[in-house]
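K.L.:
Below you will find the structure I want to go over with you.
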Amino acid sequence: MTALEDRIDLYGQDVETGRTSLRRVVEPDDDEIARRFRDGDEQALALAYERWGGQLHGMAVRAFGPGPDAEDVTQQTFISAWTGRNGYSAGSGPLPAWLVGICRHKIADVWAKRDRQRRQSEAVAADVASRPGSSDDVDTRVADRVLLLGELDRIGQPQRGIIELAFFEDLTHAQIAARTGIPLGTVKSHIRRTLERLRTRLEVDGAALQP
Amino acid sequence: MQHCSPEQLALAALREPLPAADAAHLADCAACRGEVAALQRAVDALAVPALAAPAPSVTPPPRVWDAIAAATGVSATPAPAPTSEPEPAPAPVVELRPRRTRWLAAAAAAAVVGGLAGAAVLTRDDAGAVVAATTLDPLDADESSGTAEVRERDGVRSLQVDLDAPSLGEGYYEVWLLRPDVSGLVPLGVVHQGANSVPLPDGLDLGDYPVVDVSVEPLDGDPAHSGVSVARGSLS
Ligand SMILES: [Zn+2]
């Protein structure tokens, strides 16, 4: 029952399968952790870390390998989630999915930091003035990611969920329709409008990131 | 030929295959290709394996929590990470290219199985004539299985579902009819363990929607398919 386990882990649905789990009987369910987290219950931060810290750290390690950058991503994800918990509402979806979204921001931030460091070290090593536009070039894709993840946060549902399934779970529009029950034509037009919105964001603000 | 529709261009930017006529036009039209390239900048920035979910779980070292506790001032402590490995097997890394076709593969496999089972003898009794039938085969490691029969009586069709499945602590089973490529689905209703009968919509072409799908739905008020299918078969 792979799909169902994914669902429990990632989306926090407490769907029992008949295979009862002692852990789930004695511990608060995901919704309760989310509610207590939002209310500022410190124990809920520890419970969220217990339950989803491994998955989030797994994302960070996949991006950077084990070590300080990955650990920093995991730390910063939970710290930002806790200090920004007022920004989490029922409309934000399940808590673990919200945490994954924050984790993506932190990963993009580390890429941007590394890109800054690369440019600084190259600037020290080379006479930048004699080679304009070379070593101080921002890595466009790194900058785009930071900008686009911010724009995703501003997109409402179901558009955001649809484009996230395309981007992050690599589903086709037909698979998204089957997964969500949203009609195929609606999925297609949401995908089009969202991609056009992201393109506009890049065209208006992406260039401004260039130094 | 006229240009590709904006929807087709967006799908092309996601690297979905287009219908042959659109694909041929795209290959020859600089304007449409330029549009795809402009839309693709966002796809290429975000649809990368490092941002996909889920990732295999990795237990963080204890100093990670120490830093979180220090930064937030939180004094609660998480239970120590398990020393053995009772965690479920980590979910595989999502490969972003080529696109996954798990749903399509599952439906195709169900179609093959259903084709074999389709030799079911057509019978007639009080519940009407059996006009199509299939076995419902478990997906993945699920223990759910059963049979489904379309019966017609006085011009009214119904689907008889005999379901052998574990009881659910929460949530419920729902039966659907799907297109073989999962490009459309029709919800038919709630089913339980044992014998069920659900009416079929008038005018529904079973040739278009031959795949019988049983899903587990959470009690969340969301009428959409949960994406969690436990058994399937293809009517014939
Ligand atoms: Zn064209």
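K.L.:
Starting from the amide H of B:Leu136, placed 1.01 Å from N in the peptide plane, find each other amide H under 5 Å away whose residue is 5 or more places distant or on another chain.
P.N.:
Here B:Gly146, B:Thr147, B:Ala148 satisfy the definition.
K.L.:
Arrange the residues B:His25, B:His3, B:His225 by how much accessible surface each exposes, largest first, with a 1.4 angstrom probe.
P.N.:
My answer, sorted largest first, is B:His3, B:His25, B:His225.
K.L.:
Name the long-range amide H neighbours of A:Leu171: under 5 Å, sequence gap of 5 or more, or other chain; modelled H, no Pro or chain starts.
P.N.:
A:Ala166
K.L.:
Could the peptides A:73-82, B:46-55 be put in order, highest first, of the mean number of other beta-carbon atoms found within 10 Å of their residues?
P.N.:
Averaged packing, sorted descending, gives the order A:73-82, B:46-55.
K.L.:
Which FRET efficiency value, to the nearest 0.05, is calculated for B:Asp202 and B:Glu170 with the Förster distance at 41 angstrom and r the Cβ-Cβ distance?
P.N.:
0.75
K.L.:
Counting only other residues whose beta carbon sits under 13 Å from that of B:Cys32, what net charge do I get with K and R as +1, D and E as -1?
P.N.:
-3
K.L.:
Express the C-alpha Rg of segment B:127-207 as a ratio against the empirical globular expectation 2.2 N^0.38 Å, rounded to two decimals.
P.N.:
In units of the globular-protein estimate, segment B:127-207 measures up at 1.12.
K.L.:
Now a separate question. Averaged across A:99-107, how many Cβ atoms of other chains sit within 10 Å of each residue's Cβ atom? Kindly include the intermediate steps, with their values, before the conclusion.
P.N.:
Details: counts 0, 5, 1, 0, 3, 5, 0, 0, 3.
Mean shielding count: 2.
K.L.:
Separation between the B:Ser236 and A:Ser189 pseudo-spin-labels, each 7 Å from Cα along Cα→Cβ, expressed in nm?
P.N.:
3.8 nm
K.L.:
With a 1.4 Å probe and all protein chains kept in place, how do A:Arg199, B:Arg153 rank by accessible area, largest first?
P.N.:
The ranking, largest first, comes out as B:Arg153, A:Arg199.
K.L.:
Whole angstrom only: what separates the Cα centroid of segment B:190-236 from the Cα centroid of segment A:26-65?
P.N.:
About 34 Å separates the Cα centre of segment B:190-236 from the one of segment A:26-65.
K.L.:
In addition: Keeping all protein chains in position, work out how much accessible area A:Trp111 exposes to a 1.4 Å probe, and write it in Å² to the nearest 10.
P.N.:
Here the accessible area works out near 50 Å².
K.L.:
Okay, next question. Kindly provide the trypsin sites (Lys or Arg not before Pro) of segment A:139-198 that DSSP labels as loop, not H, G, I, E or B, and whose Cβ sees at most 15 other Cβ atoms within 10 Å.
P.N.:
Here the sparse-neighbourhood loop sites are A:Arg154.
K.L.:
Which FRET efficiency value, to the nearest 0.05, is calculated for A:Glu32 and B:Thr72 with the Förster distance at 22 angstrom and r the Cβ-Cβ distance?
P.N.:
So, using R0 = 22 Å, E works out to roughly 0.65.
K.L.:
Taking a quarter of the surface of the convex hull around the Cα atoms of segment A:137-211, what do you get in nm²?
P.N.:
If you wrap the Cα atoms of segment A:137-211 in a convex hull and average its projections, you get 5.0 nm².
K.L.:
Enumerate the calculated ³J(HN,Hα) couplings along segment B:28-45 in order (Karplus 6.51 cos²θ - 1.76 cosθ + 1.60, θ = phi - 60°), each rounded to whole Hz, writing x wherever the residue is Gly or Pro.
P.N.:
Karplus values, whole Hz, x for Gly and Pro: 9, 10, 5, 5, 5, 5, x, 5, 4, 4, 5, 6, 6, 4, 5, 4, 5, 6.
K.L.:
Another question, if that's okay. Just add up the charged neighbours of A:Lys188: K/R +1, D/E -1, any other residue whose Cβ is under 11 Å from the Cβ of A:Lys188. Could you put the intermediate results ahead of the total?
P.N.:
On the way: positive: A:Arg192, A:Arg193; negative: B:Glu7, B:Glu16.
Spelling it out: positives minus negatives among the neighbours equals 0.
K.L.:
A further question on this structure: What is the mean projected area of the alpha carbon convex hull for segment A:25-126, to one decimal in square nanometres?
P.N.:
In nm², the orientation-averaged hull projection of segment A:25-126 is 7.6.
K.L.:
Further question: Return a whole-number percent for the relative contact order of segment B:137-232, with Cα pairs under 8 Å and 6 or more residues apart as the contact set.
P.N.:
Relative contact order comes out at 32 percent.
The values are calculated or read from the model by the stated rules, or taken from the named source; none is laboratory data. Quantities reported herein were computed from a predicted structural model and do not represent experimental measurements. FYI the Cβ positions are ideal-geometry reconstructions off the backbone, even for glycines, and counts take in every protein chain you see. The area values use the complete protein model at the heavy-atom level, side chains included, leaving out ligands, DNA and RNA. Shrake-Rupley method; radii C 1.70, N 1.55, O 1.52, S 1.80 Å.
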